[in-house]
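Okay, so here's the structure we're looking at.
The values are calculated or read from the model by the stated rules, or taken from the named source; none is laboratory data. Just so we're clear, the structure is a prediction, and the values are computed from it rather than from any experiment. Heads up, the Cβs are rebuilt from the backbone with ideal geometry, glycines too, and the neighbour counts pull from every protein chain shown. Side chains are part of the model used for accessible areas, which takes the heavy atoms of the whole protein and leaves out ligands, DNA and RNA. Shrake-Rupley method; radii C 1.70, N 1.55, O 1.52, S 1.80 Å.
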Amino acid sequence: MSTQVAPNPTIATREDPMVPRVFKVQSVRRETADTSTLALQPVPPARHVSGRAARVGPGPSDGAASCAFSPGQFNMVYVFGVGEIPISISGSPRQPQHFIHTTRVVGAVTKALCGLKRGAAVGVRGPFGSAWPLREAEGHDVVIVAGGIGLAPLRPAVLELMAHRDRYGRIALLYGTRSPEDMLFRKELERWRGRFDLEVHVTVDRATAEWRGHVGVVTALFHRATFDPSNTMAMMCGPEVMMRFSARELIKRGATVDRIFASMERNMKCAIGTCGHCQFGPMFICKNGPVLPYSALHSWIEWREI
Ligand SMILES: Cc1cc2nc3c(=O)[nH]c(=O)nc-3n(C[C@H](O)[C@H](O)[C@H](O)COP(=O)(O)OP(=O)(O)OC[C@H]3O[C@@H](n4cnc5c(N)ncnc54)[C@H](O)[C@@H]3O)c2cc1C
Ligand code: FES
């Protein structure tokens, strides 16, 4: 498998990737105390007819055209009057009528986004970025490693793996959160845990009195999962330190660097590879990533200050 990082083709095909499309908040679901999932529905643009604005149906560059995406991609979501941020798409690619975004509050824009009510308008640019290697993973065991909000960009990949379950070997999901209350997609995780063809292992940093599960770092879950490291495709998203130690653990067990993929986060402005804000070594995360093979990352990710 090639370790070369190709630019994302979706960028070149958009009409004007800097112009946001208008979406409205279709639903809001509170996941945890600081995390919410929003469904965003495209709004057909207003066109001026005889001097008056009129709503018209979808056109080729309208928000209403499609919310198609590949698992792993992200949108730039603009809360009007506050700012624009990159947020991964956490829904199913099989439901292209809306975008689903799961956001954790850390600052001004994420707070404003999570505070929006049903019917509110937002701007959306995207989808941007590279995708999880689901095709390349066919015939392999798959290990998904998620830390905290990192489960959001991995959720579409899990849904796709489940939709084509017969194409893959064993599948294990290793998920670490700060505490049991911080667990995302709780009901869905329970459903996944009930399946005989998907192993789900969850750990928390801090247990509560009711917690009967594992306590500790995600890497301590590897020995619980059943997979053949030499024939495994790994997909990771979470804090960089978690991904660094998880990759080391996988490599120690015999996994190869070009079959380990990580989704990287950097501050973004343009998301189309022109401003340089998201630079990571020789790569721009918006253009070459966010999903990258560890073979392209490891010399940079092991260098902590970059
Ligand atoms: C490709 C990509 C996908 C993302 N997907 C999600 C997602 O699905 N859900 C989600 O909740 N968040 C996601 N993020 C992170 C999200 O973009 C940041 O939390 C957001 O930009 C913070 O904006 P703010 O104005 O609320 O906070 P700010 O006040 O701008 O920042 C608060 C803190 O977060 C740090 N920060 C801000 N932006 C980033 C960033 N992009 N990467 C790392 N640290 C940052 C700041 O340095 C600061 O410490 C993603 C980021 C990227 C690059
Ligand atoms: S965000 Fe501008 S180059 Fe990546």
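Only one of the numbered conditions (1) away from ligand 1 (no atom under 16 Å from the Cβ); (2) open to solvent by 10 Å² or more (accessible area, probe 1.4 Å); (3) in contact with a helix residue (DSSP H, G or I) (Cβ under 7 Å, 6 or more places away or on another chain) is not met by LEU250, and that is (2). Residue count for the stretch 253-275 satisfying the condition of being in contact with a helix residue (DSSP H, G or I) (Cβ under 8 Å, 6 or more places away or on another chain) and assigned to a loop (DSSP other than H, G, I, E, B): 12. Among the residues of the stretch 30-58, count how many are modelled with pLDDT under 50 and touching a strand residue (DSSP E or B) at 6+ places or on another chain (Cβ under 7 Å). Number of matching residues: 1. Within the stretch 282-294, the presence of at least one residue that is away from ligand 2 (no atom under 16 Å from the Cβ), assigned to a helix (DSSP H, G or I) and farther than 24 Å from GLU84 by Cβ is confirmed.
Just so you know, in the stretch 93-127 the residues that are open to solvent by less than 20 Å² (accessible area, probe 1.4 Å) and in contact with a helix residue (DSSP H, G or I) (Cβ under 6 Å, 6 or more places away or on another chain) include one that is farthest from ligand 1 (Cβ to nearest atom), and it is THR102. Quick check on the stretch 88-110: of everything there that is without any contact (Cβ under 8 Å) to a residue 60 or more places away in the chain and either β-branched (Val, Ile, Thr) or closer than 21 Å to PRO17 by Cβ (or both), which residue is nearest to ligand 2 (Cβ to nearest atom)? Top of the filtered list is VAL109. For PHE284, the criteria (1) of a type outside the set (Asp, Glu); (2) in contact (Cβ under 8 Å) with a residue 24 or more places away in the chain; (3) within 16 Å of ligand 1 (Cβ to nearest atom); (4) closer than 24 Å to MET233 by Cα hold in every case but one, which is (2).
Of these, MET268, MET264, which one is hydrophobic (A, V, I, L, M, F, W, C), within 14 Å of ligand 1 (Cβ to nearest atom), closer than 25 Å to TYR78 by Cα and in contact with a Cys (Cβ under 7 Å, 6 or more places away or on another chain)?
On the way: MET264 fails: in contact with a Cys (Cβ under 7 Å, 6 or more places away or on another chain).
Exactly one of MET268, MET264 is hydrophobic (A, V, I, L, M, F, W, C), within 14 Å of ligand 1 (Cβ to nearest atom), closer than 25 Å to TYR78 by Cα and in contact with a Cys (Cβ under 7 Å, 6 or more places away or on another chain), namely MET268.
Applying the condition of being surrounded by fewer than 23 Cβ atoms within 10 Å (Cβ to Cβ) and not hydrophobic (A, V, I, L, M, F, W, C) to the stretch 65-90 and asking which residue is nearest to ligand 1 (Cβ to nearest atom) yields PRO86.
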